[in-house]
1. Could you check how much of the accessible area of segment 91-206 is carbon and sulfur, as a whole percent, using a 1.4 Å probe?
2. Could you provide, to the nearest whole Å², the per residue accessible area of segment 184-299 with probe 1.4 Å?
3. Based on the Cβ-Cβ distance from residue 232 to residue 289, what FRET efficiency comes out when R0 is 45 Å, to the nearest 0.05?
4. First measure r as the distance between the Cβ atoms of residue 29 and residue 59, then evaluate 1/(1 + (r/R0)^6) with R0 = 35 Å and state the FRET efficiency to the nearest 0.05.
5. Quick one: if you stick a label point 7 Å off each Cα along the C-beta vector at residue 303 and residue 276, how many nm between them?
6. Using modelled backbone amide H atoms (1.01 Å from N, in-plane), which distant-in-sequence or interchain residues come within less than 5 Å of residue 49's amide H?
7. May I ask you to evaluate 6.51 cos²θ - 1.76 cosθ + 1.60, the Karplus curve with θ = phi - 60°, for each residue of segment 178-185 and list the ³J(HN,Hα) values in order in whole Hz, giving x for glycine and proline?
8. At a Förster distance of 45 Å, what's the computed FRET efficiency of residue 152 paired with residue 221, Cβ-Cβ distance as r, to 0.05?
Amino acid sequence: MSHSHHHGCSSGCHHSHHSDAPVTKAWKRIVGAGVLVLILAAAASLVQVRSGESLIITRFGNPVRVLLNPGLAWRLPAPFEMSTAVDLRLRTTSSGLQDVGTRDGLRIIVQSYAVWQVDSTPEHVQRFMRAVQNQPDEAARQIRAYLGSALETTASGFTLSQLVNTDSKQVQLNQFESHLQAQISQPLLESYGIRLVQVGTERLTLPAVTLNATVDRMRAERETIATERTAEGKRAAAEIRSAAERDARIVEAQAQVQAADIEAQSQAQAAEIYGKAYASSPQLYSLLRQLDALSGVVNSSTRLVLRTDAAPFRLLVEGPKLDKTHE
């Protein structure tokens, strides 16, 4: 009895040990497969937003959200949700050479550049995606078209001398660029989600016709200035000449007054001397006065026929009469 019982136990235990091993291995495989599936699902659901770009998450082709912050984010695995990267970095575009007209009817050749980027708001990122299918080259082509038409209208508000001038104070290139940017910033943002960071002028040259007209105008301006300065010089010279003549007349008049004063003083002094001479010797005074009168009338070529007893010729015959007391 006991022998048979032992045989049955050993055979049953041996069978149970062999049946547990496959079950354990199967569970390990299931768990491992489940973990692998979870890892794959997580990897398929994680997306990375890089610096300088945004991600548009679309669900069955329709955009559902826009991711802007750099880092990892979740989405449903494909094909439920897909992600598309949109570049937000700065780009530059040139208008190329454009022949435009100024306000004074002259032509200039101008080339402008635009610095732009997709505006970093969900609304504008989606607008950029819809408008140009996330193609920066197509966006640049649209910007060039806007720049070309804006250059024509903006240039018509400025004269040539405000854009090209040797006097830097008259040049209004900054205002020109500001007008240009203001004209196209809003349409680009509203239509394409593009933010215009800066608009500048690369080149500004003159066609041959405009250059000749400009040279002629500058020559005319220089001639006008030369004529004005010549006239100013002549006017100043006339004023100086007039002032000199006036001063000369004043000096001459003052000299004449001084001469008259001196002559009057000398005559007064002479009269005083004559008076003193007459008082001291009347006969000598009379003789000297007669001689003065004679010298004033007679010179080397004078011939006179007069009575010798008439004064003052009496002196020639009679001689001077001197007072006996003075002898």
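The values are calculated or read from the model by the stated rules, or taken from the named source; none is laboratory data. Just so it is clear, the structure is predicted and the values come from calculations on it, not from any experiment. Cβ: placed from backbone, ideal geometry, glycine included. Neighbour counts: every protein chain shown. Just so you know, the surface numbers come from the protein's heavy atoms only, side chains and all, with ligands and any DNA or RNA stripped out. Shrake-Rupley method; radii C 1.70, N 1.55, O 1.52, S 1.80 Å.
1. Roughly 45 percent of what the probe reaches on segment 91-206 is carbon or sulfur.
2. On the way: 8410 Å² over 116 residues.
On a per-residue basis, 73 Å².
3. Using R0 = 45 Å, I get an efficiency of 0.10.
4. On the way: r = 34 Å, r/R0 = 0.97.
So, using R0 = 35 Å, E works out to roughly 0.55.
5. Modelled inter-label distance: 4.5 nm.
6. Close amide H contacts, sequence-distant or interchain: 71, 72, 73.
7. Coupling constants for segment 178-185: 5, 4, 4, 5, 5, 6, 10, 4 Hz.
8. E between residue 152 and residue 221, to the nearest 0.05, is 0.95.
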